[in-house]
Amino acid sequence: IRGFYIGRFQPYHYGHESVIKHIAEEVDEIVIGIGSAQLSHSPNNPFTAGERVLMVTHALEESVSLPFYVIPIEDIQRNALWVSHARSISPPFNEVYSSNPLVVRLFRESGTEVISPEMYERENYSGTEIRRRMLAGEDWQSLVPPVVAGVINETDGVRRLHDVSGSD
Ligand code: ATP
Ligand code: MG
């Protein structure tokens, strides 16, 4: 069984990790889709697809022992075609793990089995909360694996988030 999990990972955090560890117990290989891959340098999407590939790859190297593939997936303007679009650029997969209602809906309509994992401390472990803390100068490092904080610091990510959140 090859499982598929998609997120924007802006940034990758321990909530994602708890889901992926759970998926790893049920499948033989994992495909991670990096969603909205074309977006970067904006308040809600500060990191590039390449930076997110690094975050996810380094984090999974440390937390799962199965083969995994990290595939950037750009948005398209037609939700009705999105499942075909995602499948066209991903290794084949037979199970989808998602709690996102639109993703669940689109895959179920296409006849794909979808499993919805439980949320892990969603108040703290969310991309929105982490980006808020970065801008507020509060602790965010404790919400992400150290290798992810390393990628963010290497790219001066917090300062980038400040810059792209400002106005002239
Ligand atoms: P944002 O706040 O920017 O939307 P996010 O934390 O929701 O970030 P996404 O990349 O949008 O992260 O989410 C990818 C997937 O991970 C989604 O299906 C989302 O429901 C799930 N997810 C996010 N946070 C958690 C968590 N704490 N526990 C379990 N699943 C989570
Ligand atoms: Mg989200």
Legend entry - Conditions (1) hydrophobic (A, V, I, L, M, F, W, C); (2) in a helix (DSSP H, G or I); (3) touching a residue at least 40 places away in the same chain (Cβ under 8 Å): number failed by VAL96: (2)
Inset, instruction - From (1) within 30 Å of ASN79 (Cβ to Cβ); (2) surrounded by fewer than 17 Cβ atoms within 10 Å (Cβ to Cβ), pick out the condition that doesn't hold for VAL148. - result: (2)
Inset, instruction - Could you look through region 129-168, keep only residues that are of a type in the set (S, T, N, Q) and free of Cβ contacts under 8 Å to residues at least 60 places away in the same chain, and pick out the one that is farthest from PRO46 (Cα to Cα)? - result: SER142
Inset, instruction - Scan region 55-73 and give yes if some residue there is touching a His at 6+ places or on another chain (Cβ under 8 Å) and outside any helix (DSSP H, G or I), otherwise no. - result: yes
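Inside region 1-30, can you point out the residues that are within 14 Å of ligand 1 (Cβ to nearest atom), aliphatic (A, V, I, L, M) and outside any helix (DSSP H, G or I)?
Those that are within 14 Å of ligand 1 (Cβ to nearest atom), aliphatic (A, V, I, L, M) and outside any helix (DSSP H, G or I): ILE6, ILE30.
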Inset, instruction - Among the candidates PRO101, PRO91, single out the residue that is over 12 Å from the mean Cα position of the chain (by Cα), farther than 24 Å from GLU118 by Cβ and either surrounded by 12 or more Cβ atoms within 10 Å (Cβ to Cβ) or within 16 Å of ligand 2 (Cβ to nearest atom) (or both). - result: PRO91
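We did not get these values from a lab; they are worked out from the coordinates using the rules stated. Note that the coordinates shown come from a computational prediction; the quantities given were computed from them, not determined experimentally. Cβ: placed from backbone, ideal geometry, glycine included. Neighbour counts: every protein chain shown.
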